[in-house]
1. Tell me, what is the per residue accessible area of segment 42-131 in Å², probe radius 1.4 Å?
2. Using only the Cα atoms of segment 1-149, build the gyration tensor, take square roots of its eigenvalues as a ≥ b ≥ c, and label the shape rounded, prolate or oblate: rounded if a/c is under 1.5, else prolate if a/b is larger than b/c, else oblate.
3. Using a 1.4 angstrom probe on heavy atoms only, work out the carbon and sulfur share of the accessible area of segment 442-491 in %.
4. Leaving ligands, DNA and RNA out of it, work out the accessible area of Leu404 with a 1.4 Å probe and give it in Å² to the nearest 10.
5. Kindly rank 210-223, 16-29 from highest to lowest mean number of other beta carbons found within 10 Å of each residue.
6. Rank these by accessible area, largest first, 1.4 Å probe: His110, His14.
7. So what is the accessible area of segment 386-477 per residue, in Å², with the probe set to 1.4 Å?
8. First compute the accessible area of segment 373-426 with a 1.4 Å probe, then give the percent of it belonging to carbon and sulfur atoms.
Amino acid sequence: MVVPMSECYNFVVHGARGRWTSIFASFLIMATSGATYILPIYSKDIKRNLGYSQSMLSTLSTWNEIGSNAGILSGLVAEVTPTKFMLVVSSVANFLSYLMIWLAVTEKIHRPQFWLMCVYMFIGANAQNFATTTSLVTSVKNFPERRSMVLGLLKGYFGLSGPILTQIYVFIYGDDSTSSILLAAWLPTSISLIVMYTVGEKAVKIKQPNELKAFFHFLYLSAVLAVYLMTMALVKEYVAFSRVANVGSAVALCIFLFAPVVVASRQEIFIWRQMKAPPTTIIVESPQSVEQEQNSSANQAEEDTIIVEEEQNSSADQAEEDTIIVEEDQNSSEETKTYFFAAIFNKPERGQDYGILQALLSIDMLIILLATLVGVGSCLAALYNMSEIGDALQYEPKAVVILLLLINFWNFAGRVLCGFISEKLVMKYKVPRPLMLSAILFLSCIGLLLIAFPFKDSLFLASAIIGFALGAQLPLVLAIISDIFGLKHYSTLFNCGQMAGSVGSYLLNKELTGSIYDAEAMKLHRMEGLGKPLVCQGKKCFGLSFTIMAIVTFFGGLISLILAARTREFYKGDINKRYRGDDEKTEVASSLADEVAVE
């Protein structure tokens, strides 16, 4: 059978604009948006070629960190602009900023002033927020009933973006570390522009009975990618790869990275076939059918009489409806003027769409932000200091590398597994998500205490626990925000949640851990006469700071239990009911379609 060209074209358009293709495109965006993670690759080139001091390099790193976490701007812009605009802004800002950094480092332009380099670094890091915000928000809105799984997968791919960009850079540019800046300029830009017409909110026309199975396939493929990246990073620590080996590893990476397109394509083909299938009429015989046929003529006469009466009254009804509409239009402007301020403290029920200020000024959001601040902040402090912790406890350099690989791998595992497990617990057992967040925070306390009171090889266990806890917290927090406050202003609210973790990292990492470490190093300098009071050795270097972080994280777990108690009744209900609709006929039709598809 020959398929017409017009039909092929229609299928291609359908597939390119489908929600499954959109989520695959979002995977690619997240997997290539980690340019902030590869700063250590070219930081030495910046310092050497531009003549910067270590303090200036640290300042650049700070602006890189601020830009990557200041996502509220992108969230607010996403409230009023389409996804295409967001991706264009991301692409232009990303390309121009990293291109200017590359031109400066390679000395192709006059050396820019230091403040201008800080601006470039901030804009480049912040540009990626526009792309990642677009990917997260549209994917959650396309799959609201699987939001936790979607968040876990997308955050998982974002966590792998650093190793992915590193392998691609080695494959294309070899040992030329300055070219990694050029890669950061053109690769994320190209991906965003290519998928610009694919990513977006899609109307769900056909319910798919195999939707959950497809998400598990995404999970398996992402896990294979993560294991591959960790294995390659570990092997390269012991084996020098030739050019051919780097090409082979890059090809394998591309295969694993693009493998989810098979799952997405299969789902789009299923939807296409369902759309093109002729409508089926299911006739159910019952003992009353004969009696109904016998009375049909009498019923028809009565129906005709009712129709005539309805037609006679339609003009009067229409006039009354028009009057009501006019009155509503007259009052709409006044309601719009007063609603924003009057409704800030008149909050809707949990699960409905909150306004931005309604959410930010609620007790629920205050608890979420506090728990995120201490929970994510303490785990990030452990992640950023893991190398120094290993040095202070006299671990071998190879062991420190393994520690970093472990914490990154378990970070990914926490993101994707917690997304799937929490969805299962909420849907089947009605377990409040804040209760799961408390469990994760209490678990992270164990990892923090293992650093505060170390013993032989305890850092390996601590890195696994902290990595998993760090990864699990973000999808949980973002899912809780979408559960309680709705999806209307999700782009802004979830960025507020992420910002709380960054603030916690600054307070607990720089102000607490850094200050105590420097104080202990100063004591060691006075006692042993070291030339530079910058290196600390022994358990005291991080013992006090991580004990304090364990205490405040435990406090975060307790206040999360308060939120679990407050939302217990909410999670006992059907939190996804509003996204499925209440039409009983639609539900019956969907269930019949499910049965047919399963057969």
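1. Dividing the accessible area of segment 42-131 by its residue count gives 46 Å².
2. Working: a/c = 2.95, a/b = 2.13, b/c = 1.39.
Prolate, since a/c reaches 1.5 and a/b exceeds b/c.
3. 79
4. Looks like 60 Å² after rounding.
5. Numbers: 210-223: 17.1, 16-29: 23.0.
Order by mean packing, descending: 16-29, 210-223.
6. From most exposed to least exposed: His110, His14.
7. Accessible surface, normalised per residue, equals 37 Å².
8. Working: 1290 of 1910 Å².
Whole-percent figure for carbon plus sulfur exposure: 67.
The values are calculated or read from the model by the stated rules, or taken from the named source; none is laboratory data. Given the structure is predicted, the values throughout are model-derived calculations rather than measurements. No Cβ is skipped: glycine too gets one built from the backbone with ideal geometry, and neighbour counts run over all protein chains shown. All accessible areas refer to the heavy atoms of the entire protein, side chains included, with ligands and DNA or RNA removed. Shrake-Rupley method; radii C 1.70, N 1.55, O 1.52, S 1.80 Å.
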